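Have a look at the structure below, then the notes.
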Amino acid sequence: MSFTPPTLLDEINAAAVAAEVTLLFTCTVMQYSQVPDGKGGRTDSWTSVGTMPCRLVEWRSDQPANVGEELKARNDYMMVFFPMNHPLGDALKLRDRLIINDTTKDVCTIEIQAVETLGTWGILNRIYGVKV
């Protein structure tokens, strides 16, 4: 019987599975679009495209982030973690919204300001957003 050690990618995948246990909330992904308003103009609209597990983290000014200074200065700034390989994660874009069902607080809606994907080496992806 021979032993084959796990590859680094195997270990990263195992860590990602373990990290997903910490995603205690569920969020509804609301995709942004503009629709005709019937008067020749357009109006903002959000359509539900599904749900995914997530974790909401309130921003603290001492936390590092790869976002602009104007976002760091806001007091309504939030981070949301979600699984690396979730199909909805690939479709997220600016101005989309996440309605987060946090069982310990009221429902919270976050408008996406930035999406950070970590590729092969990541464990959880991050969204940076503001409460709306």
Exposure proxy check on ARG42, ARG55: fewest-to-most Cβ neighbours within 10 Å is ARG42, ARG55
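Which peptide among 32-39, 84-91 comes first, and what is the full order, when sorted by highest mean count of other Cβ atoms within 10 Å?
Details: 32-39: 10.4, 84-91: 14.9.
Ranking the peptides 32-39, 84-91 by packing returns 84-91, 32-39.
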What does the highest-first list of 9-16, 92-99 look like by mean Cβ count within 10 Å?
92-99, 9-16
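Going by how many other beta carbons lie within 10 Å of each one, how would you line up VAL80, VAL17, fewest first? Can you show the working numbers first?
Working: VAL80 24, VAL17 12.
Ranked by crowding around the Cβ, least crowded first: VAL17, VAL80.
Laboratory data are not the source of any read-out in this text; all were calculated from the coordinates shown. All values reported here derive from a predicted model rather than from experimental measurement. Here Cβ is always computed from backbone atoms with ideal geometry, including for glycine, and neighbour counts include all displayed protein chains.
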